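K.L.:
Here it is, the structure, as structure tokens.
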Amino acid sequence: MFSKRMVTGKMIFIYPGSFDPITNGHLDIINRAVKLCDKLIVAVGTNISKKPAFSVEERIELIKASIGENDKIEVTSFSGLLVDFAKKHNSHIIIKGLRAVSDFEYEFQMALLNKNLDSGLETLFMMTSVNYSFLSSSVVKEIAINGGDIEGLVPDRIKDRIMEKLFVRKNV
Ligand code: ADP
């Protein structure tokens with residue numbers, strides 16, 4: 001299985017998440033991971049149980065706007081099992097970010113589960129940059145909804161769009 005996916009000769013990483021919305025912590029992982037592979041697929045999960053603030057299309061748009069032009073990065077959505085998505089895209093490497101010990105237990109469980117479903121799939125973890133260790137999409141939403149300043153927490157290019165959606169609309 002592993003060798004079959006290496007036939008393409010390309011190292012393809014998949015970075016999955018909800019990205020509701022993308023933060024500077026996510027962008028930092030994207031920018032660091034893309035240097036280690038031939039192609040990085042940022043995969044926005046559509047099958048999460050909690051109701052997201054941004055639609056899948058909006059989340060994809062915000063990620064694309066944050067990244068700008070980069071031929072090595074593809075942004076798309078996925079539903080169903082990550083192992084199936086990885087196979088479909090000839091990838092055997094999942095990239096995840098780790099912020100704190102609190103992330104570890106869940107990520108450890110997911111990595112083992114995916115390994116169990118597909119022994120050819122590896123999960124690689126990248127440590128957050130220290131400046132972003134406190135940062136999550138939930139924190140950004142909480143601040144934005146209440147009219148706080150999200151400068152430095154999300155990419156500058158999408159700051160206004162996030163405020164517009166979460167704060168302005170809530171308060172009209
Ligand atoms: P969340 O909603 O918790 O912010 P996502 O599901 O969108 O997270 O996260 C996708 C991936 O990005 C996960 O591997 C998560 O650990 C990682 N990630 C999220 N925020 C950060 C951050 N500030 N630094 C490093 N990795 C992060």
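K.L.:
Assuming a ≥ b ≥ c are the square roots of the Cα gyration tensor eigenvalues, decide whether the stretch 21-73 counts as rounded (a/c under 1.5), prolate (otherwise, with a/b larger than b/c) or oblate.
P.N.:
Judged from the Cα gyration tensor, the stretch 21-73 comes out prolate (a/c at least 1.5, a/b above b/c).
K.L.:
Amide H of S77: which non-local residues (sequence gap of 5 or more, or other chain) have their own amide H closer than 5 Å, using H built in the peptide plane?
P.N.:
Sorted by chain and number, the residues that satisfy this are V44.
K.L.:
Just to check I understand the Karplus step: with θ = phi - 60° and J = 6.51 cos²θ - 1.76 cosθ + 1.60, what whole-Hz values come out for the stretch 29-39, glycine and proline as x?
P.N.:
5, 4, 5, 7, 5, 5, 6, 9, 9, 8, 8
K.L.:
Modelled label-to-label distance, R157 and F108, 7 Å Cα→beta-carbon offset: nm?
P.N.:
3.7
K.L.:
At a 1.4 Å probe, what is the % contribution of carbon and sulfur to the accessible area of the stretch 89-133?
P.N.:
59
K.L.:
Indicate the gyration tensor shape class of the stretch 19-144 (rounded, prolate or oblate), computed on the Cα atoms with a ≥ b ≥ c the square roots of the eigenvalues: a/c under 1.5 is rounded; otherwise a/b larger than b/c is prolate and the rest oblate.
P.N.:
Rounded, since a/c falls under 1.5.
K.L.:
Over 24 Å between Cα atoms: which of K87/K165; K39/K64; K10/K88; K96/K141; K50/K88; K64/K115 fall into that group?
P.N.:
K87/K165; K50/K88; K64/K115
K.L.:
A follow-up question, please. What do you get for the angle between helix 56-67 and the principal long axis of the chain? Use alpha-carbon atoms, 0 to 90 degrees, nearest ten.
P.N.:
90
K.L.:
Which ³J(HN,Hα) values, rounded to whole Hz and listed in residue order, are derived for the stretch 11-24 from phi using the Karplus coefficients 6.51, -1.76 and 1.60 in 6.51 cos²θ - 1.76 cosθ + 1.60 with θ = phi - 60°, glycine and proline given as x?
P.N.:
With coefficients 6.51, -1.76 and 1.60, one gets 8, 10, 9, 10, 10, x, x, 8, 6, 10, x, 4, 10, 5 Hz.
K.L.:
Sticking with this structure for a sec: So if I take the centroid of the Cα atoms in the stretch 95-155 and the same for the stretch 22-66, what is the distance between those two points in Å?
P.N.:
The stretch 95-155 and the stretch 22-66 have Cα centres spaced 11 Å from each other.
K.L.:
Still on this structure: Roughly how many nanometres apart are two label points built 7 Å out from the Cα toward the Cβ at T76 and N146?
P.N.:
Those two pseudo-labels are separated by 4.0 nm.
K.L.:
How much net charge surrounds I60 when only other residues with a Cβ under 14 Å from its Cβ are counted (Lys, Arg +1; Asp, Glu -1)?
P.N.:
Taking every other residue near I60 into account, the sum is -2.
K.L.:
Residues with amide H under 5 Å of I41's amide H, sequence separation 5 or more or different chain, H placed in the peptide plane at 1.01 Å from N; which?
P.N.:
F13, I14, Y15, E74
K.L.:
Given the peptides 31-40, 54-63, arrange them by the average over their residues of other C-beta atoms within 10 Å, most packed first.
P.N.:
The most tightly packed comes first, giving 54-63, 31-40.
K.L.:
Still on this structure: Would you grab the residues whose amide H sits under 5 Å from the one on T123? Only those 5+ places off in sequence or on another chain, please, with H modelled 1.01 Å from N.
P.N.:
Placed amide hydrogens put I94 under 5 Å from T123.
K.L.:
To continue, here is another question. For the pair A100/K51, report the inter-label distance in nm, with labels modelled 7 Å from Cα in the Cβ direction.
P.N.:
2.8
K.L.:
Which whole-number value in Å² is the accessible area per residue of the chain, probe 1.4 Å?
P.N.:
55
The values are calculated or read from the model by the stated rules, or taken from the named source; none is laboratory data. All figures in this text were calculated on a predicted structure; none of them were measured in a lab. For neighbour counting, all protein chains shown are included, and Cβ atoms are generated from backbone atoms with ideal geometry for every residue, glycine included. Accessible surface is based on the protein model in full, side chains and every heavy atom, while ligands, DNA and RNA are left aside. Shrake-Rupley method; radii C 1.70, N 1.55, O 1.52, S 1.80 Å.
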